[in-house]
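Trainee: Please find one structure pasted underneath; my questions will follow.
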Amino acid sequence: CDRLPYDILPKRHMLVIINPASGRRRAHEIFKEQVVPLLEEGEITWEVVLSKEKNFVYNYIRSVDLSVFNNIVSVSGDGLVYEMVNGLLARSDWREAIKIPVGVIPGGSGNGLAFSLNEALGEPTVLDCVTSSVLNVIKGDVQKKHIILLQTVDDSVCSLSSFLWGVIADIVLDSEVLRFLGEVRYGLTGTFKSLSPSKYKGRLSFLRATEENRVKMARARKATADRLNHNQFSNNKLTQYLYEDQSFIGSTSCHNNPLLHSTKFNDLKENHASSSGSLWKTETSLLPTWDQHVSEDWETIEGEFYVIGCSYVSRLSTYLALSPSAKFDDDTIWLILVRGHVPRVLVMHFLIAMRSGKHVNCSFVDMIPILAFRLIPFEKKGGFAVDGEYMECRPVQGEILPFSMEILSR
Ligand SMILES: Nc1ncnc2c1ncn2[C@@H]1O[C@H](COP(=O)(O)OP(=O)(O)OP(=O)(O)O)[C@@H](O)[C@H]1O
């Protein structure tokens with residue numbers, strides 16, 4: 001056939017954001033060689049922006065005029081998409097901005113979002129995820145994707161794929177220096193880490209995703225949607241909207257944990273004033289405020305852990321199929337736990353089994369569908385990995401935001 005049958009598609013103009021430092025530093029090459037020819041076939045026009053440094057895209061997206069673009073497409077790993085989405089939600093017009101469908105083309109090491117999307121579409125992710133992802137962009141249907149809000153006492157970020165503490169976070173974060181190896185970095189670092197895995201102490205509370213609790217969440221979401229629809233709030237960025245009530249700050253006696261008062265939450269916003277508010281209003285949230293204990297319908301586990309993971313895509317990379325049954329927009333956070341009392345050799349077993357998702361059948365692994373969680377680390381050990389990016393270890397809680405974003409799909 002001479003031409004691909006794209007004539008029926010509407011013409012679109014896209015903002016393409018490329019991270020030349022992603023993975024094996026091939027993202028720009030991937031764009032020129034594998035993406036451009038297909039976009040041209042699709043009669044799509046685009047403007048390219050190259051990420052210049054960490055946080056560049058976060059700042060760029062916060063302020064750029066998006067009105068001329070139908071879509072924003074990243075050619076990168078998940079870290080850049082994380083910056084992009086947090087940038088969208090930091091805009092004064094975030095309510096409109098978050099509705100712009102976003103395309104994800106894998107150019108990084110993990111590429112969990114792109115792999116998970118293509119896996120859900122039944123595409124062979126490992127063979128040619130790039131072509132499959134470009135076709136998603138060209139076809140231009142959308143798939144909703146839930147967003148998880150992670151909150152500390154004085155800051156917040158939004159996450160699309162995972163929140164990790166413990167051995168897997170160590171693998172993801174410590175292998176950064178091996179980024180030039182691509183995804184192999186996870187396998188190598190994983191083997192090394194599993195020889196002497198560290199344990200992490202803390203108190204973890206969570207709200208199970210039971211039918212009853214889902215009803216509560218639906219009610220909370222509706223209340224928030226109503227507030228949004230009635231436009232009761234000024235055009236603040238999302239975090240100001242979520243945290244507009246300042247009254248809870250100052251009584252953060254939560255378990256007297258000194259980490260609660262530690263320094264900044266993460267470095268995404270290190271160059272900016274931190275978000276202005278405190279806590280999102282209780283009537284629209286499942287999360288307790290920091291001066292409150294979790295309510296009685298939450299469960300709490302205290303002790304040592306090898307792995308605490310919250311995952312909301314089926315695959316974080318080809319090596320990390322952490323929550324294989326996760327769907328893009330099923331309003332579920334999958335909690336994955338490996339407790340500190342299990343023999344160390346089982347941690348290696350877990351890491352190997354996770355490659356194919358078979359860890360879900362291991363008796364020593366807890367896989368719990370939840371709606372919200374609170375983690376109080378008892379020591380400042382290791383870092384959190386949020387969508388593969390470093391975040392300082394400190395008390396954190398999370399829940400699913402009451403609105404979704406849209407990912408280009410077919
Ligand atoms: N020009 C740049 N030079 C160096 N680092 C950059 C640059 N632009 C962005 N970054 C940072 O690169 C990091 C990783 O980006 P990205 O997620 O695209 O690739 P990856 O880590 O290889 O893939 P994945 O997150 O899927 O494992 C992010 O922290 C981002 O802030």
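Trainee: Identify the residue in the range 180-215 that is open to solvent by 40 Å² or more (accessible area, probe 1.4 Å) and of a type in the set (A, V, I, L, M, F, W, C) and, among all such residues, is farthest from the chain's Cα centre (by Cα).
Mentor: So the residue we want is 195.
Trainee: Also, I was wondering about something else. Name the pairs whose Cβ atoms lie under 8 Å apart, with the first residue in the range 78-99 and in contact (Cβ under 8 Å) with a residue 60 or more places away in the chain, the second among the β-branched types (Val, Ile, Thr) and within 11 Å of the ligand (Cβ to nearest atom), and 6 or more positions between them or separate chains?
Mentor: From residues that are in contact (Cβ under 8 Å) with a residue 60 or more places away in the chain, the pairs are 80/17; 80/57; 81/104; 82/386; 83/57; 84/17; 84/57.
Trainee: Taking interchain pairs and intrachain pairs at least six residues apart, which have beta carbon atoms under 6 angstrom, with the first residue in the range 46-59 and of a type outside the set (D, E, K, R) and the second assigned to a strand (DSSP E or B) and at pLDDT 95 or above?
Mentor: Within 6 Å, the pairs are 46/14; 46/16; 48/16; 49/17; 50/18; 57/17.
Trainee: Could you tell me which of the residues 37, 10 is assigned to a helix (DSSP H, G or I), at pLDDT below 95 and either more than 15 Å from the ligand (Cβ to nearest atom) or over 22 Å from the mean Cα position of the chain (by Cα) (or both)?
Mentor: Exactly one of 37, 10 is assigned to a helix (DSSP H, G or I), at pLDDT below 95 and either more than 15 Å from the ligand (Cβ to nearest atom) or over 22 Å from the mean Cα position of the chain (by Cα) (or both), namely 37.
Trainee: Looking only at residues that are farther than 19 Å from residue 201 by Cβ and among the small types (Gly, Ala, Ser) in the range 357-410, which one is farthest from the ligand (Cβ to nearest atom)?
Mentor: 363
Trainee: Return yes or no: is residue 119 within 16 Å of the ligand (Cβ to nearest atom), open to solvent by 10 Å² or more (accessible area, probe 1.4 Å) and farther than 17 Å from residue 385 by Cβ?
Mentor: yes
Trainee: Quick one: in the range 366-377, of everything that is of a type outside the set (Asp, Glu) and open to solvent by 10 Å² or more (accessible area, probe 1.4 Å), which residue is farthest from residue 209 (Cα to Cα)?
Mentor: Step by step, filter the range 366-377, then rank; the result is 367.
Trainee: When you scan the range 335-410 for strands (runs of 3 or more DSSP E) that lie fully inside it, which ones turn up with 3 or more residues that are farther than 18 Å from residue 172 by Cβ?
Mentor: Ranges flagged: 365-377, 396-409.
Trainee: While we're here: Within the range 376-393, can you find the residues that are among the charged types (D, E, K, R) and on the phi < 0 side of the Ramachandran plot?
Mentor: Matches in the range 376-393: 379, 380, 381, 389, 392.
Trainee: Let me ask another. Residues in the range 151-171: is at least one open to solvent by 10 Å² or more (accessible area, probe 1.4 Å) and closer than 19 Å to residue 321 by Cβ?
Mentor: yes
Trainee: Okay, next question. In the range 347-355, is there at least one residue being open to solvent by less than 10 Å² (accessible area, probe 1.4 Å), in contact (Cβ under 8 Å) with a residue 24 or more places away in the chain and more than 16 Å from the ligand (Cβ to nearest atom)?
Mentor: Checked against the condition, which is being open to solvent by less than 10 Å² (accessible area, probe 1.4 Å), in contact (Cβ under 8 Å) with a residue 24 or more places away in the chain and more than 16 Å from the ligand (Cβ to nearest atom), the range 347-355 yields at least one hit.
Per-residue answers, yes or no, for (1) outside the structural domain of residue 142 (by TED's automatic domain parsing); (2) open to solvent by 10 Å² or more (accessible area, probe 1.4 Å); (3) more than 14 Å from the ligand (Cβ to nearest atom):
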| position | (1), (2), (3) |
| --- | --- |
| 51 | no, yes, no |
| 61 | no, no, no |
| 71 | no, no, yes |
| 78 | no, yes, no |
| 84 | no, no, no |
| 87 | no, no, no |
| 115 | no, yes, no |
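Trainee: Same structure, new question: Does the range 388-410 hold any residues that are surrounded by fewer than 21 Cβ atoms within 10 Å (Cβ to Cβ) and touching a Gly at 6+ places or on another chain (Cβ under 6 Å), and which are they?
Mentor: 390, 393
Trainee: Still on this structure, please answer the following. State the number of residues belonging to the range 190-213 that are farther than 18 Å from residue 286 by Cβ and part of a helix (DSSP H, G or I).
Mentor: The number of residues fulfilling the criteria is 6.
The values are calculated or read from the model by the stated rules, or taken from the named source; none is laboratory data. Being a predicted model, the structure only gives us computed values, none of them experimental. Cβ sites come from the backbone with ideal geometry, for glycine too, and all protein chains shown count toward neighbours. For the accessible areas, the whole protein counts, side chains as well, though only heavy atoms, and no ligand, DNA or RNA atoms are used. Shrake-Rupley method; radii C 1.70, N 1.55, O 1.52, S 1.80 Å.
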